[in-house]
1. Where nothing but the Cβ of Lys and Arg (+1) and of Asp and Glu (-1) is charged, how large is the charge dipole of the chain around its Cα centre, in debye to the nearest 20?
2. Per DSSP H run of n ≥ 4, the term is -39500 (n - 2.57); total these for the chain, divide by its residue number, and report the mean residue ellipticity at 222 nm rounded to 500 deg cm²/dmol.
3. Could you work out the Kirkwood radius for segment 14-180, taking every pair of different alpha carbons, averaging 1/r and inverting it, reported in Å?
4. If I take R0 = 25 Å and measure r between the Cβ atoms of T48 and Q174 in this structure, what FRET efficiency does the formula 1/(1 + (r/R0)^6) give, to the nearest 0.05?
5. Return a whole-number percent for the relative contact order of the chain, with Cα pairs under 8 Å and 6 or more residues apart as the contact set.
6. Net charge near N26, counting Lys/Arg +1 and Asp/Glu -1 over other residues with Cβ under 15 Å of its Cβ?
7. Based on the alpha-carbon set only, what is the convex hull volume of segment 34-75 divided per residue, in Å³?
8. Just to compare against my own numbers: the Cα pair-distance distribution for segment 114-172, 5 Å bins, whole % per bin, please.
Amino acid sequence: MISQFVSPYEQRKLDELDYDFPEGTNAVGRLDDESEGLLILTTDKTLTNRLLDPGKRHTRSYIVQVEKIITEADIEKLSSGIEILIKGKNTSYKTLPCFVKQIEKPQNLSPREKSLKEDLPQSWIEFVLTEGKNRQIRKMCKAVRHKCRRLIRTKIEDLELGDMQPGEVREIEQKKLFGLLKLE
């Protein structure tokens, strides 16, 4: 599913979820069509700018499945910042330092077509970023020769995905949401 209500592409869209969204609902930030996880939907047009302003450096957490066994040297490179290409500009960009660590495979994940079979060499990594360039984590993993096979956004500031399942919608009162996102 793509994180849009309207699209010229033949893919599932947000309006296909079993929820009656108010008119004017938009996604705050996007997940590419191969990613999954926490997505904020709101009618508050100011929220996107307040949350995604690069100067504010709001944290976003992800768990990532990559092909092959990742090394400590790769983790160090990813953590300290790495050169990636910026789409459409043919220029490189050095990512900001971030938190990266290898983790055990998360329990209770929903099945996903593009996950690696259990018997293939793989690693699970946690990333905590304060920026969000287009396909940044995928490009970072590629830069250390690990193909990203599954990417799940688990948290934005203190707002957590928790036990929510794909396609599930949970309504949160604005004051509580802004508190979790540290926007007060």
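Just so you know, all these numbers are worked out from the coordinates, no wet-lab data involved. On a predicted model such as this, the values are computed, not experimentally measured, just so you know. When we count neighbours, we look across all protein chains shown, and the Cβ atoms used for this are built from the backbone with ideal geometry, even at glycine.
1. 960
2. It comes out at -4000 deg cm²/dmol, rounded to the nearest 500.
3. 17.1
4. So the FRET efficiency works out to roughly 0.95.
5. This gives 27 percent for the chain.
6. Combined, the nearby Lys, Arg, Asp and Glu give +1.
7. So the per-residue Cα hull volume is 114 Å³.
8. All Cα pairs, binned at 5 Å, distribute as 4, 12, 23, 22, 19, 14, 5, 2 percent.
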